[in-house]
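First up is the structure itself, then whatever we jot down about it.
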Amino acid sequence: MKHHTSHATSRRAFLGTAAASAIAAPLSASAQTPAPGSEDMTYEVTRTEEEWRALLSDEEYRIMRAQGTEPRFSSRYVDEDSAGHFQCKGCDLTIYDSEWKTPRLIGWVFFYHARRDSVLLDIDEWPAVMAGDEDMAESQFVTEAHCRRCGSHLGHMIQVQGDLLHCINGASLTFVAGDAS
Ligand SMILES: [Zn+2]
């Protein structure tokens, strides 16, 4: 419960941004973003199932489009410590900067923050593959994080060793070395 305030702040920030972009962006009516939680939610980048299958590997599809979680230490980004930024593999939106990456020897890719307005939140059940780790504060439900632009599943917001972190599947990301854009 002690993180209620931070979640509430994120939600308010999103609501404000959604309202602003609806005014500023000359999108067609069908592409406008409705209120969070609406069943009419439409993402800025959409693809057919065939297009997603063509774009992603089977494992990436399982994670990004079916809310899966990659096996521990399966991503080379777990140990990636170069300067650069991480993009959503589904739409190339820059989401994480390397300066916010924090190495936690648990098996996934951890960040303190995402870029402004790059991530949306949902609710998910605690992934079975992440069960039984004393470094993570396990609970029945967990906050899910997905790409604001294409809706692809990234990972979860999790309390790890006392820090609230983005616990992300490396399979959902593409690392770009060098100055962040
Ligand atoms: Zn995306």
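The values are calculated or read from the model by the stated rules, or taken from the named source; none is laboratory data. All of these numbers come straight from a predicted model, not from anything done at the bench. When we count neighbours, we look across all protein chains shown, and the Cβ atoms used for this are built from the backbone with ideal geometry, even at glycine. With ligands, DNA and RNA removed, areas are computed over all heavy atoms of the protein, side chains included. Shrake-Rupley method; radii C 1.70, N 1.55, O 1.52, S 1.80 Å.
Side notes on the structure shown:
- Diffusion constant of region 46-96 at 25 °C, which comes from Stokes-Einstein with the Kirkwood Cα-pair radius and 0.890 mPa s, µm²/s: 198
- Shape category assigned to region 131-181 from the gyration tensor of Cα positions, a/c cut at 1.5: prolate
- Spin-label proximity, Gln67 to region 84-127 - amide N less than 17 Å from point 7 Å beyond Cα toward beta carbon: 120-127
- Full-stretch length increase - Val45, Arg76 - with 0.36 nm per residue and alpha-carbon distance subtracted: 8.5 nm
- In the context of the full protein assembly, Leu165 retains an accessible surface of approximately 0 Å², using a probe radius of 1.4 Å and ignoring ligands and nucleic acids.
- Accessible area of region 43-177 belonging to carbon and sulfur atoms, whole % at 1.4 Å probe: 46
- Accessible area, probe 1.4 Å, largest first, for residues Arg76, Arg104: Arg76, Arg104
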